[in-house]
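Take a look at the structure below.
The values are calculated or read from the model by the stated rules, or taken from the named source; none is laboratory data. Given the structure is predicted, the values throughout are model-derived calculations rather than measurements. Heads up, the Cβs are rebuilt from the backbone with ideal geometry, glycines too, and the neighbour counts pull from every protein chain shown.
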Amino acid sequence: MIKNEKIPNFLNSREENIPMELKWDTGDIFHSIKEWEKTLTDIHHKISMIKSLSLTWCDSAKEMFGFLSLISIIEKEILKLYSYAALNSDTKMDESKYISMKGDIQKITVELNESLSFMEKDIIRSGEKKIKSYMDKEPDLKDYSMLFKSVLRRKKHILSGKAAKISALTALFSDTSQKTSSILNNLEIPSPEIVLSNKDRIILNWTSYEKFRGSANRSDRKKVMKKFWKNHSGFRNTHAALLDGEMKKNYFNSKSKNYSSSLEASLFPNGIDTKVYHLLIKSVKENLAPLHRYLDLKKRLLGLKKLKYEDLYASSIIDVNEKIYSYKEGTGLIKKAMEPLGDEYIELLSNGFSGNWVDIYPNKYKISGAYSNGMIKEIHPFVLMNYNGKFSSVSTLAHEMGHALHSWYSNNNQPFPKAEYPIFLAEIASTFNENLLVRYMIKNETDELMRMFILDKYIEGFRTTLYRQTMFAEFELEMNSHIEKGGTLTADWLDEKYIELTREYYGHKTGILDVDEYIANEWSAIPHFYYNFYVYQYSTGIIASGILAEHVFNGGREEKEKYINFLKSGNSDYPLNILKKTGVDLTDPDSFKIVFQNFDRLVNELEMISIPTSPNFLLS
């Protein structure tokens, strides 16, 4: 924690001892655990009604709407129950009752899914013509039009009867590999001890690794990275077995539901053509030159003759006296930066910052990191922060508020069945806000070193979000393809494939970045490989947000309205169609060009500032 008078220190405080204006209020969801427990009991009762209603729910428009309305009520209450338990658990990690409450919600969700295993087949039997006539008779049924469209589109992939029930029950253990990997990485792999150049002795756990891999001292960051991954490699065979099981689970699910591949099984339900995935990888690999330009610039800024993998996380700007922004200053910067989006957006931001949406500072038993929870339609979003006053923390707050306002706009402009936007769209609003924030800071920051520092931070974030995540996406595709061809994921196969891709993306053979063998085991610590083709959406998200930011920043009222309408869209259409309405077509290779051009422009701008400013700069 930064010792600064602008940032209050609650590291030794319990959540209940922190002033109310500095944290979220879960009382907005339930006033007490007793009220939570009563709602849970009521949900069990409502789920018990499903069996009798299931017999006739397709017999008329009125019965269909009544049945689906009941399901919506149940799902809304489950989201409230889960959010209350999760938010409290994350700020009071020492209180096991909230962990138990989350377990109760997992069980009731499985119970609900199992009890609804008949539903998709009934929709298919009813058919498009009958359902359309029902929507004409009962217009409110149109709130469920995306449900009907999605089910009818997937009809050849939907299981029926006993098979559907069995598939629903697999949720009880389908996350076993993911949970085991998380326990290994975060709890059970012993943390080695190392001595830094200043004689400090540290325990090299995840927190200290992430801190010291970016050390300004090159010998320290090299020692930290080599020691950490050498220690980690002692568990490589266990991690390989877990990933092998995870990919085979994906393969089982795809084959049991008649998909041609695990990739298609993951993308098809949201209407994403697998060509988008392959186009992303192809476009990024064809545009590695801007990344390599940045890495060459980083080498010169650091005063190095050769850039190595352990230099990646060190700041290129080593002489900056980094500013600390109070929470009030940070939120003020964000509001200024978002002015291109109009008065309503700024007002909503202000409400969020001052209305118990945000749990701001770290406390003794609070989870690390940051996230936004906007699942509850009738209540405002909740944002978890561990605000420390650094610019990266201001940027993270802008990112999470992007998620929060995306949820707010969606929840307030779409009916509940269409309010939850798909993951494919989730990272657009967040990275859009980061883009506008950096544009504002580069224009208004007067300290040249700080301006360089902010620009470098943003470029580095772009590297990790677009290039690194696309590399992960290709690695994930290779793992699944290997399983589909009858292979087994061994530690040796995973090491070889990972080091091959890492060296390709970072220009190892052409002397851009030297990637040592010890990094081959890095795959074992990437939790997203257990999320079933999730990571590519970080890349498509930052591409879409970059295009939209360019439209809004350089456009006028029409461009702003298109973006706000995007935030309002929720799940009212398939995500690619929603994006096309804003002018972003991720099936068109030309759409990607503007993002790579802007990345190259930012690298060029950093270089132009750096030449007269950085004392370590080496001319090429």
note = Output for Cβ contacts, cut-off 7 Å, separation at least six or different chains, first residue farther than 20 Å from L172 by Cα in segment 243-264, second of a type in the set (V, I, T), reads L263/T274; E264/T274
task = Give the residues of segment 339-363 that are farther than 17 Å from S395 by Cα and surrounded by fewer than 16 Cβ atoms within 10 Å (Cβ to Cβ), sorted by residue number.
result = G342, D343, E344, E347, N351, S354, G355
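I need the full set of residues from segment 88-99 which are closer than 20 Å to N373 by Cα and either touching a strand residue (DSSP E or B) at 6+ places or on another chain (Cβ under 7 Å) or of a type outside the set (A, V, I, L, M, F, W, C) (or both), in order please. Quick ask: steps written out before the conclusion?
The first filter runs over segment 88-99 and keeps only residues closer than 20 Å to N373 by Cα, leaving 88-93, 98-99.
Selection gives N88, S89, D90, T91, K92, Y98.
Quick grid of which residues meet (1) buried (at least 18 other Cβ atoms within 10 Å of the Cβ); (2) within 30 Å of S181 (Cα to Cα); (3) in contact with a strand residue (DSSP E or B) (Cβ under 6 Å, 6 or more places away or on another chain):
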residue: Y531; (1), (2), (3): no, yes, no
residue: A544; (1), (2), (3): yes, no, no
residue: N554; (1), (2), (3): no, no, no
residue: Y563; (1), (2), (3): yes, no, no
residue: I578; (1), (2), (3): yes, no, no
residue: L586; (1), (2), (3): yes, no, no
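Please enumerate the residues belonging to segment 6-55 that are aliphatic (A, V, I, L, M) and closer than 30 Å to F118 by Cα.
First pass over segment 6-55, keeping only residues aliphatic (A, V, I, L, M): 7, 11, 18, 20, 22, 29, 33, 40, 43, 47, 49-50, 53, 55.
Those that are aliphatic (A, V, I, L, M) and closer than 30 Å to F118 by Cα: L40, I43, I47, M49, I50, L53, L55.
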Residue count, segment 41-73 (criterion: within 19 Å of R125 (Cα to Cα), in a loop (DSSP other than H, G, I, E, B) and of a type in the set (A, V, I, L, M, F, W, C)) = 3
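Mind telling me which of the residues K51, K62, K80 ends up being touching a residue at least 12 places away in the same chain (Cβ under 8 Å) and over 30 Å from S133 (Cα atoms)?
Numbers: K51 fails: over 30 Å from S133 (Cα atoms); K62 fails: over 30 Å from S133 (Cα atoms).
Among K51, K62, K80, only K80 is touching a residue at least 12 places away in the same chain (Cβ under 8 Å) and over 30 Å from S133 (Cα atoms).
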query = How many residues, within segment 546-601, are among the basic types (K, R), closer than 23 Å to R153 by Cβ and touching a helix residue (DSSP H, G or I) at 6+ places or on another chain (Cβ under 6 Å)?
reply = 0
ask   = Of the conditions (1) surrounded by fewer than 17 Cβ atoms within 10 Å (Cβ to Cβ); (2) touching a Phe, Trp or Tyr at 6+ places or on another chain (Cβ under 7 Å); (3) of a type in the set (G, A, S), S181 fails just one. Which one is it?
value = (1)
message = Return the residues of segment 443-502 that are farther than 13 Å from W523 by Cβ and of a type in the set (D, E, K, R); say none if nothing qualifies.
response = K443, E445, D447, E448, R451, D456, K457, E460, R463, E484, K485
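Consider segment 192-204. How many of its residues are touching a Phe, Trp or Tyr at 6+ places or on another chain (Cβ under 9 Å), in a loop (DSSP other than H, G, I, E, B) and over 17 Å from Y518 (Cα atoms)? Steps first, answer last, please.
Taking segment 192-204 first, the residues touching a Phe, Trp or Tyr at 6+ places or on another chain (Cβ under 9 Å) are 192, 194, 196, 202, 204.
Of the ones still in play, those that are also in a loop (DSSP other than H, G, I, E, B) are 192, 196, 204.
Applying the additional criterion that residues be over 17 Å from Y518 (Cα atoms) yields 196.
Residues flagged as touching a Phe, Trp or Tyr at 6+ places or on another chain (Cβ under 9 Å), in a loop (DSSP other than H, G, I, E, B) and over 17 Å from Y518 (Cα atoms) within segment 192-204 amount to 1.
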note = Looking across segment 205-232 at residues that are surrounded by 18 or more Cβ atoms within 10 Å (Cβ to Cβ) and touching a Ser or Thr at 6+ places or on another chain (Cβ under 8 Å), the single one that is farthest from S368 (Cα to Cα) is D220
request  = Tally the residues that are outside any loop (DSSP other than H, G, I, E, B), out of contact with any Asp or Glu (no Cβ under 8 Å at 6 or more places or on another chain), free of Cβ contacts under 8 Å to residues at least 60 places away in the same chain and not aliphatic (A, V, I, L, M), restricting the search to segment 376-410.
outcome  = 4
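Answer yes or no as to whether S13 is assigned to a helix (DSSP H, G or I) and either more than 30 Å from D122 (Cα to Cα) or modelled with pLDDT of 95 or more (or both).
Numbers: assigned to a helix (DSSP H, G or I): no; either more than 30 Å from D122 (Cα to Cα) or modelled with pLDDT of 95 or more (or both): yes.
No: the conditions fail for S13.
From the list Y538, Y534, pick out the single residue that is in a loop (DSSP other than H, G, I, E, B) and touching a residue at least 24 places away in the same chain (Cβ under 8 Å).
On the way: Y538 fails: in a loop (DSSP other than H, G, I, E, B).
After ruling out the rest, the residue left standing is Y534.
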remark   = Of (1) assigned to a helix (DSSP H, G or I); (2) surrounded by fewer than 23 Cβ atoms within 10 Å (Cβ to Cβ), G487 satisfies every one except (1)
Residues (under 16 Å from W229 (Cβ atoms) and either surrounded by 12 or more Cβ atoms within 10 Å (Cβ to Cβ) or of a type in the set (G, A, S) (or both)) located in segment 187-201 = I189, S191, P192, I194
ask   = Any chance segment 107-123 includes a residue that's surrounded by fewer than 19 Cβ atoms within 10 Å (Cβ to Cβ) and more than 18 Å from I50 (Cβ to Cβ)?
value = no
ask   = Does T26 satisfy being surrounded by fewer than 13 Cβ atoms within 10 Å (Cβ to Cβ), at pLDDT 95 or above and either under 30 Å from V383 (Cα atoms) or of a type in the set (D, E) (or both)?
value = no
Which numbered condition N253 misses (of (1) buried (at least 18 other Cβ atoms within 10 Å of the Cβ); (2) within 15 Å of N532 (Cα to Cα)) = (1)
